[in-house]
Amino acid sequence: MSGHGRARVTVSDVARAAGVSTATVTRALQESPLVVPATRQRVVEVARRLGYTPDHTARDLRRGHRTAAVGLITAGFTNVFQAGVAAGAERELRRAGLQLLIGSTDDDVAREPDLARTMVDRRVSALIMMPDGHDRDFLRADLTFGTPVVLAGRPAGGLAADVVMTSDDTGVQEATSQLLALGHRRIAALAGRADSFRAAQRLGGYRAALTEHGVDEIPELVVTGLTSSDQARAAAARLLDGTAPPTAVLGLNLGIATGLLLDRIAHRRANALIILDETELSAGLGISAISRDPQEVGRAAAALAVERIAHPDAPARTVTLPSTLVNRGSGELPP
């Protein structure tokens with residue numbers, strides 16, 4: 001709230017009222033030649049009418065004044081993997097004498113540009129993003145005043161930025177191939193939003209294994225759009241209690257894995273099961289998993305950020321970390 005008890009007008013408020021993107025608002029207020037005059041005039045008029053006042057820290061950013069902090073934007077604080085990334089990043093940054101500022105989109109991709117803008121306005125020395133959306137335009141150097149950007153777990157998408165990836169497609173392909181070698185032919189794959197990079201990457205590994213073994217995909221066994229453990233649990237029950245159930249199931253994110261574990265415990269399931277990202281609970285229950293090291297992802301992203309701060313003109317780098325199959329019993333079951 002402002003000193004007069006009124007919420008501060010944001011770039012998003014101006015964008016909604018003017019019917020343009022937040023990136024267009026930023027460009028228009030910077031008098032960028034990329035914005036046509038009519039649009040620029042409309043944005044300026046809307047900003048004036050709403051009482052929008054640009055944050056003057058942006059001017060400081062253009063002059064190179066930054067804080068000894070690095071921003072990290074995640075989808076949420078309850079995801080164990082993303083919490084691990086934050087822990088790894090914080091530890092690496094602390095060694096470099098930098099602090100970590102964390103922001104969450106609360107699983108709302110539309111909040112990513114606003115959070116990035118907030119971090120930039122706080123004059124962070126670099127920004128680590130774990131974006132769920134496809135838009136990378138708001139992270140361009142001309143819109144972040146040259147703030148270095150590192151993407152963790154997502155490709156650059158045309159952005160000139162450092163990237164840390166995990167080879168989830170390879171891990172899922174290995175897991176699927178193991179199940180096929182055991183004789184499974186009805187292998188269900190439960191994934192997140194169909195339009196997300198992660199779901200597409202992991203299903204790509206699943207399909208590559210099917211193709212390699214000459215096995216046709218069974219469309220009804222591929223379930224996407226699962227965004228909660230409850231949805232995953234319901235999907236598992238629907239498949240496994242059907243007339244032609246799968247003999248093996250792949251749970252392709254941590255929330256889905258939780259739902260599958262709850263279903264397995266409640267119904268004493270005995271089908272083969274492999275999940276992506278293990279926890280102490282899944283390991284204790286003997287559940288095979290495609291394992292990644294979230295703290296190493298965070299450490300590598302922070303190390304890239306520190307290097308980028310020191311050498312802003314160096315070529316962009318991509319670091320790929322392994323996703324490996326850990327057999328604990330459930331993934332070695334025959335059909």
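The values are calculated or read from the model by the stated rules, or taken from the named source; none is laboratory data. Keep in mind it's a predicted model, so treat the numbers as computed, not measured. Cβ sites come from the backbone with ideal geometry, for glycine too, and all protein chains shown count toward neighbours.
Within the stretch 256-266, is even one residue surrounded by 15 or more Cβ atoms within 10 Å (Cβ to Cβ), modelled with pLDDT of 95 or more and of a type in the set (D, E, K, R)? Within the stretch 256-266 (the criterion being surrounded by 15 or more Cβ atoms within 10 Å (Cβ to Cβ), modelled with pLDDT of 95 or more and of a type in the set (D, E, K, R)), the answer is yes, since at least one residue qualifies. Take the stretch 208-224 and flag every residue that is surrounded by fewer than 17 Cβ atoms within 10 Å (Cβ to Cβ) and more than 20 Å from GLY259 (Cα to Cα). Listed by number, the residues that qualify are ALA208, THR211, GLU212, HIS213, GLY214, VAL215, ASP216, GLU217, ILE218, PRO219.
Whenever a residue of the stretch 79-104 is closer than 21 Å to GLY192 by Cβ, its partners that are at pLDDT below 90, lying with C-beta atoms within less than 6 angstrom and at least six residues away or across chains, give the pairs SER104/GLY76; SER104/PHE77. All conditions but one from (1) aliphatic (A, V, I, L, M); (2) surrounded by fewer than 21 Cβ atoms within 10 Å (Cβ to Cβ); (3) over 30 Å from HIS213 (Cβ atoms); (4) at pLDDT 95 or above apply to LEU180; the one that does not is (3). In this entry, GLY103 is excluded by the filter for residues that are at pLDDT 80 or above, within 30 Å of LEU304 (Cβ to Cβ), assigned to a helix (DSSP H, G or I) and in contact with a Gly (Cβ under 9 Å, 6 or more places away or on another chain). For ASN79, the criteria (1) closer than 23 Å to ASP137 by Cα; (2) surrounded by 15 or more Cβ atoms within 10 Å (Cβ to Cβ); (3) within 12 Å of the chain's Cα centre (by Cα) hold in every case but one, which is (1). Residues that are farther than 30 Å from ASP108 by Cβ and among the hydroxyl-bearing types (Ser, Thr, Tyr) occur in the stretch 231-254; there is at least one. Scanning the stretch 104-155 for residues that are surrounded by fewer than 16 Cβ atoms within 10 Å (Cβ to Cβ) and among the small types (Gly, Ala, Ser) returns ALA110, ALA141, GLY146.
Select from the stretch 233-253 the residues that are in contact with a strand residue (DSSP E or B) (Cβ under 7 Å, 6 or more places away or on another chain) and of a type in the set (A, V, I, L, M, F, W, C) and write down the one among them that is nearest to GLU278 (Cα to Cα). Checking each candidate, the answer is LEU252. Within the stretch 5-41, restricting attention to residues that are surrounded by 18 or more Cβ atoms within 10 Å (Cβ to Cβ) and basic (Lys, Arg), the residue that is modelled with the highest pLDDT is ARG40.
Table: residues versus (1) closer than 21 Å to SER330 by Cα; (2) touching a strand residue (DSSP E or B) at 6+ places or on another chain (Cβ under 8 Å).
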site: GLN178; (1), (2): yes, yes
site: LEU182; (1), (2): yes, yes
site: ARG198; (1), (2): no, no
site: GLY204; (1), (2): no, no
site: ALA209; (1), (2): yes, no
site: VAL223; (1), (2): yes, yes
site: GLN231; (1), (2): no, no
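Within the stretch 42-58, the set of residues being part of a helix (DSSP H, G or I) and modelled with pLDDT under 85 comprises THR57, ALA58. Scanning the stretch 119-155 for residues that are of a type in the set (A, V, I, L, M, F, W, C), in a loop (DSSP other than H, G, I, E, B) and touching a residue at least 24 places away in the same chain (Cβ under 8 Å) returns VAL124, MET130, LEU143, PHE145. Here the stretch 11-27 is the region considered, the condition is being not β-branched (Val, Ile, Thr) and not in a helix (DSSP H, G or I), and the residue that is nearest to ALA116 (Cα to Cα) is SER21. Number of residues in the stretch 173-200 that are hydrophobic (A, V, I, L, M, F, W, C) and either part of a helix (DSSP H, G or I) or without any contact (Cβ under 8 Å) to a residue 24 or more places away in the chain (or both) equals 7. Selection within the stretch 156-172: residues that are part of a helix (DSSP H, G or I) and of a type in the set (Val, Ile, Thr). The member of this set that is surrounded by the most Cβ atoms within 10 Å (Cβ to Cβ) is VAL172.
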